1. Among the residues of the range A:31-47, which ones are open to solvent by less than 40 Å² (accessible area, probe 1.4 Å) and in contact (Cβ under 8 Å) with a residue 60 or more places away in the chain?
2. Going by the conditions given, is B:S40 closer than 22 Å to A:G131 by Cβ, within 7 Å of chain A (Cβ to nearest Cβ), out of contact with any helix residue (DSSP H, G or I) (no Cβ under 7 Å at 6 or more places or on another chain) and surrounded by 13 or more Cβ atoms within 10 Å (Cβ to Cβ)?
3. Only residues that are of a type in the set (A, V, I, L, M, F, W, C), more than 7 Å from every other protein chain (Cβ to nearest Cβ) and open to solvent by 30 Å² or more (accessible area, probe 1.4 Å): list them for the range B:43-84, please.
4. Could you check A:L403 against (1) open to solvent by 20 Å² or more (accessible area, probe 1.4 Å); (2) under 22 Å from B:T46 (Cα atoms); (3) in a helix (DSSP H, G or I); (4) in contact (Cβ under 8 Å) with a residue 12 or more places away in the chain and say which number it fails?
5. Does A:G310 fit the bill of being surrounded by fewer than 23 Cβ atoms within 10 Å (Cβ to Cβ) and more than 28 Å from A:A190 (Cα to Cα)?
6. For a quick check of your reading of the model, give me the residue pairs whose first member lies in the range A:224-236 and is more than 14 Å from chain B (Cβ to nearest Cβ), whose second is modelled with pLDDT under 95, with beta-carbon atoms closer than 6 Å and at least 6 apart or on different chains.
7. Go through the range B:1-26 and count every residue that is over 22 Å from B:N67 (Cβ atoms) and either in contact with a helix residue (DSSP H, G or I) (Cβ under 6 Å, 6 or more places away or on another chain) or facing chain A (nearest Cβ under 9 Å) (or both).
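The values are calculated or read from the model by the stated rules, or taken from the named source; none is laboratory data. Because the structure is a prediction, the values reported are computed rather than measured. Ideal geometry is used to build each Cβ from the backbone, glycine not excepted, and the neighbour counts take in all protein chains shown. Surface areas here come from the heavy atoms of the whole protein model, side chains and all, with no ligands, DNA or RNA. Shrake-Rupley method; radii C 1.70, N 1.55, O 1.52, S 1.80 Å.
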Amino acid sequence: MSNNEYDIIIIGSGPAGISAATLADHHKARVLVLDENCAPGGQLYRAIEKNQKNDNEWLGQSYQDGLPLVEAFRESHVNYQRSAKVWHLSNDKVVHYSVNGKAHAAKGRQILIATGAQERPFPIPGWTLNGVMSAGAAQILLKESGVVCENAVFVGTGPLLYLIAHQYISAGIAIKAIIDTTPRGNYLRAIKYVFGALGSIKNILQGWRWKREIIRSGTLYIYNISDVKINGVNSVVSVEYCQKGKWKNIDCKYVFLHQGITPEINTSLSAGCNKSWNERQACWTIDIDQYGQSSVKGISIAGDASSIAGGVAAAQRGSIAALNMLCNIDIISSNNREVFSKPFKRKLNAEMAARPFIDTLFRPHSRYRVPTSSNTIICRCEEVTLAQIQESIALGCKGPSQLKSFTRCGMGPCQGRLCGLSVSEILAKELRVSAKQIGYYKIRPPIKPVTLGELASLDEA
Amino acid sequence: MFRSINNNQSELITIYFEGKALRVQKDLNVATALLEAGISNFRETTIKNENRGPYCMMGVCFDCLINIDGMDNQQSCMVKVSDGMKINRQITRNTSQDEQ
């Protein structure tokens, strides 16, 4: 095997990626892990090693649980490449990536995409103003740098919103208000799934505890709202919400938005993996079999990058995918694959049993996925509004790729990551078909912007 | 207002934003360092010339693009600060005028 050839190349070092890497290394496979960040842990366990020194107990137990995974990964012989931006993955399993502006190529016998999730776009009027960030950004600032923002307003739904609010309150940081957009009907719809979720009752109770402690802290907690928007010119002046038909105003300078998380699909789609529309999670998911194998031979996907199931499930899915990849390259037998994967499958099943409940409870209202106000920006990069998309549809635009020619929507540097999901659903609504029929942007490499200098620096030898 | 609550502050270094010296912790990324210094206006958008700053902080949204040491389009949430780093707001240039 030459220097840039590996048994397994793993993209991403969150719970799925590091679990897969550690296990594959244990079976003596040659493993390369490419991580866009500067330390392992992904977003969930971001900066977990650094935080051990800082004694920041308000980060909570679910965060601390990631430490053994990261420690085991650090003790392995895996070739860990941090700060690596992957910009091309071919279906013949060659990965191109850049580190500090220098491009490299590596070839894997098996590839694992473990790129995790991103936050769902939350297109409402004013979401591009200075001072508006995602709740995930607030979490990253807190975990990575211990930086907080006082008197911010949190808007949205989902476990991450309660988690960050709870962390802020535990650390004594004032929150101006929490505007909970969870649709009231979701509670009723979710009840029928509660028995299935009893296996994960611990997590559900923890969520309730967070919420109760947030309310008890005296933080202004607003719910049962029918609409929300952010006001300001260039930067935030206030958040306005509609409750029982009346618009009310909260003056503030900072707003953190959250409407759940969705899989990072660009990497998988660029390699040609098949996708499906997941109605319960209201997003695209990447098709995989029970071992994480995608529709492209030799490319597997583990963790939230295929469908959202959370960090504990991601670690199990990473381990199962690793065993299958080891079997594919004859390092372990198919019999051993089954035997070894049993404990991971058991833990995974318990986690998955809670998903219908969680997905249903926190399914974002259609209003926050498909905006109604025509001046709302959908594509943040190219500043394309809902009105422009509607005009294009009136002129005969039928799909996301065609919409690019009409408006440049999805053609900026983020490559549709912050508008693609909205565009699928807007077109579906306007054309009165399902999002599945509309489809998604055609994703082509490079999947991250790359300079000519970087391309020229590539040594294919 | 963004502020640090870490009890272990790292060593301070100097960076320059629009020519003004800022003392920042050396283990921060550029976006975090600027936010902590009270700066949230990182660039002017290309179409509507509006102010824009960081949104996702994880390399997905590309809204935190900024000019670092003379180079435009740097993802400030993904780049660590370094001593003497010169950071400037990214301004939209009118290409047709540049060509004349």
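1. Of everything in the range A:31-47, those that are open to solvent by less than 40 Å² (accessible area, probe 1.4 Å) and in contact (Cβ under 8 Å) with a residue 60 or more places away in the chain turn out to be A:L32, A:L34, A:G42, A:Y45, A:R46, A:A47.
2. The answer is yes for B:S40.
3. B:M71, B:M78, B:V79
4. Here A:L403 meets the rest and fails (1).
5. No.
6. Short answer, once both residue conditions are applied: A:N224/A:R184.
7. Here the count works out to 8.
The rows are residues; the columns are (1) at pLDDT below 95; (2) within 14 Å of chain B (Cβ to nearest Cβ); (3) assigned to a helix (DSSP H, G or I).
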residue: A:S19; (1), (2), (3): no, no, yes
residue: A:V33; (1), (2), (3): no, no, no
residue: A:K53; (1), (2), (3): yes, yes, yes
residue: A:R74; (1), (2), (3): no, no, yes
residue: A:H88; (1), (2), (3): no, no, no
residue: A:D92; (1), (2), (3): yes, no, no
